[in-house]
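Undergrad: I have a structure I would like to understand better, so I am pasting it below and will then ask my questions one at a time.
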Amino acid sequence: MSKSSFEFYKKAPPDGGASSFVYPPSEANIRFFAEALQNGCVVGLPTETVYGLAALALDEQACHSIFSIKGRPLMDPLIVHVADLEMARSLAIVPEDGRILAEAFWPGPLTLVLKKRSIVPDLITAGKETVAIRMPRHPVAKKLLHQLNAPLAAPSANPFGYVSPTRPEHVTSAFGDKVPFVLDGGPCEVGLESTIVDLSKGKNPAILRPGAVTAEQISDHLRLPVQTKLLNLEETEAATAPGTMLRHYSPKTKMIAFELGSIPKTAKNEAIAFLQRPGTLNPSREQATFWFSEDGDMEIVARTLFDLLRKLDAKGFERIFCELPPANADGLVLAIRDRLSRAASIK
Ligand code: AMP
Ligand code: MG
């Protein structure tokens, strides 16, 4: 922690909130948060995807604090959030395809992996020659970025490997006074992390992480085929430190995913979660039956996914069984399947 951030953490935002560490996004508080960031602090930032743990991207010491607060391995690069395309161009070489996608989907849940410029610290890119950049559309994130006029590194505000945060209280319950300044942006509108598309390989764009922006939408805009290069769980395990990515987005309770329609038998102290409200409810199992949406609307499933997983985790069940959407899905449905499969310790 730098001396200036240490001193700044002793202050409090001018407009107080209903709960400790969470502050309303008033004009005065936005100015305070911008000043906190300029002094090297790490703050909780609402975006439309999930809440982020933000620091000035060009402040290496502050970015280092993000890794230590999260317990994130240094080999896992951070996404940089920008106010506009011009700010992205100051950090990376934006090819024509990047401009097309930025114009079509920014501000929004699409991250572009681009060739980086030398001002971007190696710490952010985990030593790679590329940097991941996106422009968020959450009004509070936009206001803060405009106030700052500087890029923010912001990975999801959860301890590494745990379920991502979609509400301000998810940030404070995990970090408490380690992150004493969290801006309240309400529940996240999308609820899943951004789609990541790699544009650093010329005319071979590839989706590295599925999200709300689909491969088909990207392909339509670029007039190019777009590969989806999701590592399966075993490959992810082999490619990184053993035992880390395999349990990404995971509740602490053992979770088991099952395919749509093949309902497993559960015991008394086990929970079951469906994508939509089941037609008939077994009265003896009612207390242990949950659903992400009333009618299977996948936008609602995405929005409620991490919050429900966290609630189930807190209830003390021995195991959680969770329904997966179909394997042949695209876009948001594929993203939901990806997150649930990774959350489950057994596929
Ligand atoms: P998050 O935890 O949501 O901030 O996601 C960060 C993820 O973005 C990382 O775990 C990587 O999968 C991806 N990422 C960030 N930077 C790069 C990069 N330069 N190249 C490829 N993927 C990246
Ligand atoms: Mg994350």
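Read-outs: derived from the displayed coordinates by stated rules, not from any lab. Keep in mind that what you see is a predicted model, and the values were worked out from it rather than measured. For neighbour counting, all protein chains shown are included, and Cβ atoms are generated from backbone atoms with ideal geometry for every residue, glycine included.
Undergrad: Past the 19 angstrom mark, what percentage of all C-alpha to C-alpha distances in segment 2-73 do you count?
TA: Working: 878 of 2556 pairs.
Value for segment 2-73: 34 percent of Cα pairs lie more than 19 Å apart.
Undergrad: Determine the distance separating the Cα centre of segment 1-22 from the Cα centre of segment 269-347; give it in Å without decimals.
TA: 36 Å
Undergrad: Anything over 30 Å Cα to Cα? Flag those among Lys143/Lys203; Lys142/Lys178; Lys70/Lys254; Lys3/Lys254, in the order listed.
TA: Lys143/Lys203; Lys3/Lys254
Undergrad: Give the aspartates and glutamates whose C-alpha is closer than 16 Å to that of Lys265, dropping any in the same chain fewer than 8 places away, or say none.
TA: Within reach: Glu286, Glu318, Glu323.
Undergrad: What is the packing order of peptides 162-168, 96-102, 294-300, taking the mean over residues of other C-beta atoms within 10 Å and listing the highest first?
TA: Working: 162-168: 24.9, 96-102: 18.1, 294-300: 13.4.
Sorting 162-168, 96-102, 294-300 by mean packing, highest first, produces 162-168, 96-102, 294-300.
Undergrad: So how many Å³ per residue does the convex hull of the Cα atoms of the chain work out to?
TA: Values: hull volume 45.3 nm³, N = 347.
Here the figure is 131 Å³ per residue.
Undergrad: Something else now. Using each residue's phi in segment 128-133, evaluate 6.51 cos²θ - 1.76 cosθ + 1.60 at θ = phi - 60° and report the 3J(HN,Hα) Karplus result to the nearest Hz, with x for Gly and Pro.
TA: So the J values, rounded to whole Hz, are 6, 7, 10, 10, 9, 9.
Undergrad: Further, regarding this structure: Which three numbers, in whole Å and largest first, are the semi-axes of the equivalent ellipsoid of segment 33-133 derived from its Cα gyration tensor as √(5λ)?
TA: Numbers: eigenvalues 96, 51, 31 Å².
Over the Cα atoms of segment 33-133, the semi-axes work out to 22, 16, 13 Å.
Undergrad: On to the next question. With just the Cα atoms defining each centre, how far is segment 65-98 from segment 198-213? Give it in Å.
TA: About 15 Å separates the Cα centre of segment 65-98 from the one of segment 198-213.
Undergrad: Could you derive backbone 3J(HN,Hα) for segment 249-261 from the dihedral phi with the Karplus parameters 6.51, -1.76 and 1.60 (θ = phi - 60°), listing whole Hz in sequence and x where the residue is Gly or Pro?
TA: Values per residue, Gly and Pro as x: 6, 8, x, 6, 5, 4, 10, 10, 8, 10, 6, 2, x Hz.
Undergrad: A follow-up question, please. Return the long-range amide H neighbours of Gly52 (sequence gap of 5 or more, or a different chain), with a cut-off of under 5 Å between placed amide H atoms.
TA: Amide H to amide H, under 5 Å and 5 or more residues apart or across chains, Gly52 pairs with Leu45, Thr47, Ala157.
Undergrad: Could you state the orientation-averaged shadow area of the convex hull built on the Cα atoms of segment 82-122, in nm² to one decimal? Don't jump to the answer; show the numbers that get you there.
TA: Working: hull surface 11.5 nm².
Hull-based average projected area comes out at 2.9 nm².
Undergrad: Among 73-83, 49-59, 130-140, what's the highest-first ranking by average C-beta atoms within 10 angstrom per residue?
TA: On the way: 73-83: 20.1, 49-59: 26.4, 130-140: 22.5.
With the highest mean Cβ count within 10 Å placed first, the list reads 49-59, 130-140, 73-83.
Undergrad: Turning to a different aspect of this structure: With a 10 Å radius around each residue's Cβ, average the other Cβ atoms per peptide and rank 120-127, 34-41, highest first.
TA: 34-41, 120-127
Undergrad: Which whole-number percent is the relative contact order of the chain (Cα, under 8 Å, 6+ apart)?
TA: Numbers: 747 pairs, mean separation 61.7, N = 347.
Worked out over the chain, it gives 18 percent.
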